[in-house]
Structure formats: C-alpha cells, structure tokens
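Heads up: the structure comes next, in structure tokens.
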Amino acid sequence: MISRTWLVLAVCALAGAAGAILPRPGGPAPAAQTAAAPSPRAAVAASPGLVEPYGEEREIASQVIGVIAQMGVEENDAVRANQPIAIVDNREQTARLASARAQLAEAQAQLEKAINGARPEERREAEDILAQVEADLNMANLDYARKQPLVKSGAATQAALDQSTATLRGLKMRRAAVAERLALIVAGTRQEDLAMARAAVARLQAETDLAAALLDKTIIRSPIDGVILRRQRNAGEAVTNIDPTPIAIVGDLSRLRVRAEVDETDIGHIRVGQSVAVTADAFPGRRFGGTVARIAQRLGAKRVGTGRPSEKTDMKILQVLIDLDPEVKLPVGLRVDVSFLPANATAER
C-alpha cells in the first residue's frame, strides 16, 4: 500500500515538472529561449586600440631657453594654425632686432648717397670756390709781375717780392685741390666704393633677418588647426634643455581615429577599407562604426594593454589606423576594442 502511494506521488511530481517546462498555450516563452541570439556577422579579427585625433597629437615645445612670459590658451580652446599660444620673454631679442634695423637703415642711406653722388648744390659750391680761387690766382700773378721790376730798380724790397711769391704758390696749390674735389664730384662714386656699400647693406640685412628669426622663435605657435588637449606649462615657468615637458598638446578633433594593435596571427584578415565595430567599457551596449584607413608594414611590440588576465604581452602586433565615422565623438586616449567585420558588413549601432 505504501509503495503504491509513493508511486502515485512520483507520477504527480513528474507531471508537475513537465508542466513547468513545457509552454502553456498563450503563455510566455521559457527564459532560455528569450536570450539574445549572437550576431550573424561574426568578426574576422579583434584587437585593442586607443582613440586619437586626426593626424595624431602634436606636442608644442619651445625652441629657445627662457621664462614663459604669457600663456594665451586654456585646455579645450580651439586654435588655428600659426596662432600664438605662448610667448617666452623676448626683451633681449626685441632690442637686438631694433639695433640691427637701425644699422641697416644707416648702411642703406650710405649706399643711396654713393649711388646718387654729390648733390647739385655741392657741385655748384665747388665750382664757385674754384672760380674764386682762380680770380685770386690771377691777382697774385699780376702782383708778382709788378713787383719783379720794382725790386730790380730798388723801388720795392726783396721781402715784398718774397711775400708775393709765397701767396702765388699757395693759391696755385689751393686751385689744384679745389679742382680735384670738383672732378671727384663730377665723376661720382667709384665702383669699388659702391661694391663695399652694397656688401655692407647685404651683411646688415642678414643680421636683421637673423634677429627677426630669433625673436619669432620666442612666440610659440600652434602647428595645426585643432583643440588644446592639454596645457602643461604656466606663465613664469622656465623652459630649459633639461626638462623636455612640452608647453601644450594640440590635436585635430574634427575627425577621430583609432590606432589598433592587431595580433600577427590575424593580420591576414585585415585590409584597407574594411568596416569595423568599436566598443568601449565606458559606453556599454553601444557600437561605433569606422573604416580601416592605413595598415603598417612593420610588426612591433604591444603597447596598448587591456588589463585582462588572459591578455598576452609577448606577442608581435601590427598597427592599424582606423577612421571613425564622422559623427562619432569619443575622448582622446580612450581604450577601446575593435572588431574587424567580414566583407560587405557594417557595424551595428
């Protein structure tokens, strides 16, 4: 009797279990059947990567040693190519440039004077002086001619004749000097003097250009259009050859890229133009699209770590550059996972 009772209880228990497993008409499906099915577009390869600006990050450093006098940007500021972002104290360079420009102006004036020669007023002045000297010389000749017979007759002394002779000789020498100066004015500057004047101008022009270049180096400019990703220096800090810390880091955020590290065993599945799906732990449940833009030609050591216990650190990798879709906005430096999709497949958002 007891065994029959246990048999009935066992049959009832089995029936109850079957009712719990089998779906009831119109009832919900079992939990095992409601789980999401895997995507039919299985990735052909996967790799870790880092988000970076288009054209990579640019470190902006100073070419000169000194103290930062001004910082003109803050982090997240948009900048244009060649826009000043900082100025190193440049009072010495400014003074040198002013001195070089003054010397250049003086040399250019000397060259112009040598090219143009004497002014018309100087020529007329020399001609008038020569005419006056010649008139005085004629009077001295007449005086000397009159005194010679007077000395012979005793009407004049020998001292008077000697004085007239000396005056005549002095006027002849003065006439020769004035005539020579007038000839130089008329002839103009010699070619040798012109060449020396031109050489002086060229030398001082080079010194001025050098001073301007040294001054320009104290103005730190952005090399590209982009955004200041990090400002690492402040006004008042010294920049030296010992400390290599850049002043700022700039990047072009108009487009983003991912630098992925593909295991050497998977490089045969990667090609330029291939679609990828990018995921990140910071954005669970989201997938970002992209396209392979460039594939390196040389294997190297792994640099991007995932922090997972199963990660291999001694493998060789190939760097692959991926252009993210234009609408994708992610923080620079974010660690992501890249899934390389098969041909004709696109990333599911």
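The values are calculated or read from the model by the stated rules, or taken from the named source; none is laboratory data. Just so it is clear, the structure is predicted and the values come from calculations on it, not from any experiment. Reconstructed Cβ throughout: ideal geometry from the backbone, glycine too, with neighbour counts over all protein chains shown.
May I ask you to verify whether Gln33 is surrounded by fewer than 16 Cβ atoms within 10 Å (Cβ to Cβ) and modelled with pLDDT of 95 or more? So Gln33 does not fit the description; no. Taking the criterion of being aliphatic (A, V, I, L, M) and outside any loop (DSSP other than H, G, I, E, B), the residues of region 274-291 that qualify are Val276, Ala277, Val278.
Check Arg91, Arg123 and return the single one that is surrounded by 13 or more Cβ atoms within 10 Å (Cβ to Cβ) and within 30 Å of Ala199 (Cα to Cα). Unique residue meeting the criteria: Arg123. Do we find a residue being within 26 Å of Asp128 (Cβ to Cβ) and either not assigned by TED's automatic domain parsing to the domain that holds Ala105 or not in a loop (DSSP other than H, G, I, E, B) (or both) anywhere in region 145-159? No: region 145-159 contains no residue that is within 26 Å of Asp128 (Cβ to Cβ) and either not assigned by TED's automatic domain parsing to the domain that holds Ala105 or not in a loop (DSSP other than H, G, I, E, B) (or both). Looking at region 62-88, which of its residues are within 18 Å of Asn241 (Cα to Cα) and surrounded by 14 or more Cβ atoms within 10 Å (Cβ to Cβ)? Of everything in region 62-88, those that are within 18 Å of Asn241 (Cα to Cα) and surrounded by 14 or more Cβ atoms within 10 Å (Cβ to Cβ) turn out to be Ser62, Val64, Gly66, Ile68, Ala69, Ala86, Ile87, Val88. Taking the criterion of being surrounded by 14 or more Cβ atoms within 10 Å (Cβ to Cβ) and farther than 23 Å from Ala179 by Cβ, the only residue of region 135-147 that qualifies is Lys147.
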